[in-house]
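K.L.:
Quick one: the structure is below, questions incoming.
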Amino acid sequence: MCRVFVGADPQLWESQTRSIRMDGMVTSVRLENMFWTVLEEIAARDEMNVPQLLHQLYNESIDEGHDMGNFTSFLRVCCLRFIDLALKDTSRDRAVQPPARTVLLRPIEKTTRPN
C-alpha cells in the first residue's frame, strides 16, 4: 500500500508561493503543488480563477466568524474536504459537487527506465 504514496511524483509535494491581491492588499500563500492543483480544479468548476476562489473563501469564512489566523491551513482543509466529498459522493448539491474528474482519482503515470 505504501507504494501508492511513496511512488508519487515528488513535484506533488514541492511548495510554490503565489501572491494574490485581496481587498487591496497583496498577500502570499505557500502550498504544495498538489493543493494548488486541487484549488485550480475547484476554481474551474465554479468558473473562477484561483485568486478569485481564494478571495471568496476568505471572505465567506470571515463572514461566518472564523478566525483566519492560518489561511494556508484553511486552504489545505478545503482541498481535503473537496476530495473527501468526491470520494464519498454524499452531496447532491452542485455547490459542493466535485467535477467528474478529481486530481486524486487520476491514475498515476509510471515512467520506465531504460535497461
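K.L.:
For residues that are of a type outside the set (Gly, Ala, Ser), free of Cβ contacts under 8 Å to residues at least 24 places away in the same chain and not in a helix (DSSP H, G or I), tally how many sit in region 28-57.
P.N.:
So the answer is 5.
For every residue, the table says whether it meets (1) closer than 13 Å to THR27 by Cβ; (2) over 14 Å from the mean Cα position of the chain (by Cα); (3) modelled with pLDDT under 95; (4) surrounded by 12 or more Cβ atoms within 10 Å (Cβ to Cβ).
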site: GLU47; (1), (2), (3), (4): no, yes, no, no
site: ASP67; (1), (2), (3), (4): no, yes, yes, no
site: PHE71; (1), (2), (3), (4): yes, no, yes, yes
site: ARG76; (1), (2), (3), (4): no, no, no, yes
site: LEU85; (1), (2), (3), (4): no, no, yes, yes
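K.L.:
Name the single residue that is modelled with the lowest pLDDT among those in region 88-102 being exposed (fewer than 12 other Cβ atoms within 10 Å of the Cβ) and farther than 17 Å from VAL50 by Cα.
P.N.:
ARG101
Yes or no, residue by residue, for (1) at pLDDT below 95; (2) surrounded by 10 or more Cβ atoms within 10 Å (Cβ to Cβ):
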| residue | (1), (2) |
| --- | --- |
| MET1 | yes, no |
| GLN11 | yes, yes |
| GLU32 | no, yes |
| PHE35 | no, yes |
| ALA43 | no, yes |
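The values are calculated or read from the model by the stated rules, or taken from the named source; none is laboratory data. Everything numeric in this text was worked out from a predicted model, so none of it was measured. Cβ: placed from backbone, ideal geometry, glycine included. Neighbour counts: every protein chain shown.
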